[in-house]
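First the structure, in the form of structure tokens, and then the observations on it.
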2 protein chains.
Amino acid sequence: MSYDKLPLEPLFAKIDELKPQFISRLEKAIAIPSVSGDESLRPKVFEMSAFLVQELTNLGFDDIQLKDLGIQPPPVNDPKLQLPPIVLGKYGNDPAKKTVLVYGHYDVQPALKEDGWATEPFTMYHDTAKDILYGRGSTDDKGPVIGWLNVIQAHRELGWEFPVNLVVCFEGMEESGSLGLDELVAKEAKQYFKDVEQVTISDNYWLGTTKPVLTYGLRGCNYYQVIVEGPGADLHSGIFGGIIAEPMTDLIKVLSTLVDSSGQILIPGIKDMVAPLTDKEDKLYDAIDFSVEELNAAAGSKTSLHDNKKDILKHRWRYPSLSLHGIEGAFSGSGAKTVIPAKVIGKFSIRTVPNIESKKLDELVFKFAEEQFAKLGSPNKFKIELIHDGNYWVSDPFNASFQAASKATQDVWNIVPDFTREGGSIPITLTFEKELGVDVLLLPMGRGDDGAHSINEKLDVSNYINGCKTLGGYLHYYAKA
Amino acid sequence: MSYDKLPLEPLFAKIDELKPQFISRLEKAIAIPSVSGDESLRPKVFEMSAFLVQELTNLGFDDIQLKDLGIQPPPVNDPKLQLPPIVLGKYGNDPAKKTVLVYGHYDVQPALKEDGWATEPFTMYHDTAKDILYGRGSTDDKGPVIGWLNVIQAHRELGWEFPVNLVVCFEGMEESGSLGLDELVAKEAKQYFKDVEQVTISDNYWLGTTKPVLTYGLRGCNYYQVIVEGPGADLHSGIFGGIIAEPMTDLIKVLSTLVDSSGQILIPGIKDMVAPLTDKEDKLYDAIDFSVEELNAAAGSKTSLHDNKKDILKHRWRYPSLSLHGIEGAFSGSGAKTVIPAKVIGKFSIRTVPNIESKKLDELVFKFAEEQFAKLGSPNKFKIELIHDGNYWVSDPFNASFQAASKATQDVWNIVPDFTREGGSIPITLTFEKELGVDVLLLPMGRGDDGAHSINEKLDVSNYINGCKTLGGYLHYYAKA
């Protein structure tokens, strides 16, 4: 791929020069244990929002706002628990420039040294031999959030004009269901966000550990529950075993018909909705850097359903899957309990892809499950429900923002990035696309082995610093597009 | 059935006369919340043992012992938690008389008013209109335990010689797995219990609400777990769904092959071990007082697998059943969690009957489950294990103790009792039979609707007082047999 290179060397050199300051800024952010899932640490989440406001102020942002989201709805221990605010800010307001919104989150997953961390999770540890920064939030998502701020600092110190108007939207509840975010985005679409032409999210990861990626697709998820109900209360299997129709027996029978051990969904009609694989798309997978070994390493087992890279990637990204998650109401402890559960609720979900229509999928699932139950001839009561759904997302990897990000990546890393999709969902992607009516770009900073929700979360210094260069370079290329 | 009646009227009259004292004694016992499953109430279980020692002393028992069982093994909150003692006592020591051991338990199930009790569970409430005594432990098992003491008091006040030597064995952990009891019985078989010729247990219930029963059979129980293990840790279904062999899929498939919705066990070879139904046995069920409506009322639903009394009773008592209890390691909460559980453990048990050999059953179950898993062609790891087993028990309803109990029942209730079996297990029955080498009689006091482990547990005054008469009369008939 050839393209007109922009003269970004001075920016990249400045970012290199500021590396110690950037690492120090991230260290300060990691030191604030802004765990949104731990009520006792809620003040720290607020402290983190204040830290960001101070940083934005220092960098010359305008119209900085802390959007109050009110009280956190139940279940909570403290009925007056305040949701952390969404931090908004604007950098630049030139009608001649494009306006880009960048989203990130300043809350983090829980972390305790006792969980198996090699170092204190909220004290950044710089392993200088490997040049890796360890700490909760390093890669998810404080590194990228701070990265955007670093890019602005570099421009200011260079005396360069910023290439776009930047709007930041940083939330503090991403790890706890993004409560209040959808409503805020909808409300501000025609107000605070009215000039936004593009949204960039840096909150995912490279597929592997060596090659940068740009992400243009996500699977959706329809989550169902199957309820089978019989006796008025849990019964003793000694007294009632053999004489009462047991809800667990029926539920297990129905769940067993949904998917086979090779991962094939057995519900008719779903496959027919999946967009056919074209030769062009098939070839896309050839270039992507991935292997069965990488999957085995990530899963911690050699239980892959496919023996080659391409099938793995296709089944992660472009085919639906069905997972059985568990059963509510049955015995779930260790040891032995001789209960006949009176009401059991099986949970499963289907990951959706183009062109599965969510409502049509629900119809097929409901009809099939009801048929399977009917076959059993059981006197128990049966119900199937959708708990929640979220659509898949696919963007055009050849649009202006993806191409700008690709050029910046090549400038920084000297390699054409892989254009990847992800198997999971990032619901805010769809919210921004729908509410603002603009393209969204997923531009990850960290690597696939960063351990975002695990112990010893890390961000390689090379990813952090080159990530800042890529974020900055991307804005320049996008401004010219 | 005709028999030589013993002149027991004076005893029965004395028991009627002492009714207020007997109710008061039970009230005092109920007032001690001896819940063995609640560590914070452990001192109350000890208090209950002291109450019994005082009663036994007052009644003239000899060689009263509190058998220390040591520290309760984990899992416990308090690592020094003391097990409640087993209370032993002897009443009479005449070599010319038969020696009968009576077993009961002085601990109770948990109970809180908030669970839905109409009255305070540990304050006995005498509903004089219905003549029912409400309170935790009233029927399970303080009523019967106190019943034996009442019988002795009545004899003492009459100035009657007691017909047998009585050995009492009252435990305080029955509702929590009878920890330590088996070892104690084995140890005392040739010591404290060396003269025992017969064991009588009053810790079960009439089948229904109107007709006395004597119980001569119990089903056994073999409890299994099926373990399917794949990834090294729980995985995200977005990232790994469709590319990894999911342990839940395999487990559900295997569990679905074990039993069908009509209650038929699908594992080959088990049916062949079940003792054939003879015409003689088949006829036994005709006389028994029971109905489909009673089953529906007990289950709180109209989900019976059989439409007639005889099939229900046979499937509860003399045929095996298989119940799926639940899954450990899978998602079991409410709501939605998009997890692929790494290791899931399915729990199921089979109720056993004559002539199922426990070891042979294990072999059949293991072989079948392993075959079913092998069919799946899954790369996951599979294991099936027995968690615990307990044999079925069947006695001879025509032996001396059953016939004695039958005569006493006819004297008191003016009806021939039903000879019944039970679907559940009372493991101590087998322990006594095995360790002491003597016959065991199950002689219930309460009714089928007493709500032993439920809210509003009760004992009808007629069952309590007539129960005392039956216990006493039984000892007289047995002494003469």
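The values are calculated or read from the model by the stated rules, or taken from the named source; none is laboratory data. All of these numbers come straight from a predicted model, not from anything done at the bench. When we count neighbours, we look across all protein chains shown, and the Cβ atoms used for this are built from the backbone with ideal geometry, even at glycine.
Condition check for B:P231 on (1) more than 8 Å from every other protein chain (Cβ to nearest Cβ); (2) touching a Lys or Arg at 6+ places or on another chain (Cβ under 9 Å): one failure, at (1). The numbered conditions (1) crowded, with 16+ Cβ neighbours inside 10 Å; (2) on the phi > 0 side of the Ramachandran plot; (3) touching a residue at least 24 places away in the same chain (Cβ under 8 Å) are all true for B:P212 except (2). Residues in segment B:294-313 that are out of contact with any Pro (no Cβ under 9 Å at 6 or more places or on another chain) and crowded, with 20+ Cβ neighbours inside 10 Å were compared, and the one that is farthest from the other protein chains (Cβ to nearest Cβ) is B:L313.
Quick one: is A:T278 at the interface with another protein chain (Cβ under 10 Å from one of its Cβ atoms) and of a type in the set (S, T, Y)? Here the answer is no, as A:T278 does not meet what is asked. A search for C-beta distances below 9 Å between a residue of segment B:248-262 that is more than 7 Å from chain A (Cβ to nearest Cβ) and closer than 14 Å to B:E371 by Cβ and any residue that is aromatic (F, W, Y) and assigned to a helix (DSSP H, G or I), counting only pairs 6+ apart in sequence or on different chains, returns B:V254/B:F373; B:T257/B:F368; B:L258/B:F368. Filtered by the rule that a residue be among the small types (G, A, S) and touching a residue at least 40 places away in the same chain (Cβ under 8 Å), segment B:225-247 gives B:G230, B:G232, B:A233, B:S237, B:G238, B:G241, B:A245.
Summed over segment B:446-481, residues that are modelled with pLDDT of 95 or more and polar (S, T, N, Q) total 4.
Annotation: of all residues in segment B:404-426 being more than 14 Å from every other protein chain (Cβ to nearest Cβ) and part of a loop (DSSP other than H, G, I, E, B), the one that is nearest to B:G448 (Cα to Cα) is B:P417. Could you tell me whether any residue of segment A:436-445 is surrounded by 22 or more Cβ atoms within 10 Å (Cβ to Cβ), assigned by TED's automatic domain parsing to the domain that holds A:K19 and over 19 Å from the mean Cα position of the chain (by Cα)? No, segment A:436-445 has no match at all.
For segment B:206-257, the set of residues classified as within 30 Å of B:S462 (Cα to Cα), part of a strand (DSSP E or B) and not hydrophobic (A, V, I, L, M, F, W, C) consists of B:T215, B:Y216, B:G217, listed by residue number. For segment A:314-330, the candidate set comprises residues that are part of a loop (DSSP other than H, G, I, E, B) and under 22 Å from the mean Cα position of the chain (by Cα); within that set, the residue that is surrounded by the most Cβ atoms within 10 Å (Cβ to Cβ) is A:P320. Set side by side, the residues A:L295, A:L284, A:L324 differ, and just one is in contact (Cβ under 8 Å) with a residue 12 or more places away in the chain and farther than 20 Å from B:T338 by Cα, which is A:L284.
Residue-by-condition table, conditions (1) more than 15 Å from B:Y103 (Cα to Cα); (2) assigned by TED's automatic domain parsing to the domain that holds B:K14; (3) at pLDDT 95 or above:
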| position | (1), (2), (3) |
| --- | --- |
| B:V145 | no, yes, yes |
| B:E157 | yes, yes, yes |
| B:F162 | yes, yes, yes |
| B:N165 | no, yes, yes |
| B:G177 | yes, yes, no |
| B:K187 | yes, yes, yes |
| B:K190 | yes, yes, yes |
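When B:L69, B:L52, B:L56 are screened for being in contact (Cβ under 8 Å) with a residue 60 or more places away in the chain and more than 20 Å from B:I146 (Cβ to Cβ), only B:L69 passes.
Conditions tested, residue by residue: (1) in contact (Cβ under 8 Å) with a residue 24 or more places away in the chain; (2) not charged (D, E, K, R).
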| residue | (1), (2) |
| --- | --- |
| A:V76 | yes, yes |
| A:K90 | yes, no |
| A:P110 | yes, yes |
| A:Y125 | no, yes |
| A:Y134 | yes, yes |
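Return the residues of segment B:374-399 that are surrounded by fewer than 21 Cβ atoms within 10 Å (Cβ to Cβ) and either without any contact (Cβ under 8 Å) to a residue 40 or more places away in the chain or more than 29 Å from B:S358 (Cα to Cα) (or both); say none if nothing qualifies. Correct list: B:A374, B:K375, B:G377, B:P379, B:F398. Put simply, of A:K98, A:K90 the only residue that is in the same structural domain as A:P20 (by TED's automatic domain parsing), closer than 25 Å to A:K187 by Cβ and over 25 Å from the mean Cα position of the chain (by Cα) is A:K98.
Restrict the check to segment B:203-217 and report whether at least one residue is within 9 Å of chain A (Cβ to nearest Cβ) and over 30 Å from B:F22 (Cα atoms). No, every residue in segment B:203-217 fails to be within 9 Å of chain A (Cβ to nearest Cβ) and over 30 Å from B:F22 (Cα atoms). For segment A:331-373, taking the residues that are hydroxyl-bearing (S, T, Y), buried (at least 19 other Cβ atoms within 10 Å of the Cβ) and over 26 Å from the mean Cα position of the chain (by Cα), the one that is farthest from the other protein chains (Cβ to nearest Cβ) is identified as A:T338. All of B:G238, B:G230 fail the test of being surrounded by fewer than 24 Cβ atoms within 10 Å (Cβ to Cβ) and farther than 30 Å from B:P427 by Cα, apart from B:G238. Residues that are among the charged types (D, E, K, R) and under 18 Å from B:Y192 (Cα atoms) within segment B:37-84 comprise B:D62, B:D63, B:K67, B:D68, listed in sequence order. Every condition in (1) assigned to a loop (DSSP other than H, G, I, E, B); (2) free of Cβ contacts under 8 Å to residues at least 12 places away in the same chain is met by A:E363 except one, and the failing one is (1).
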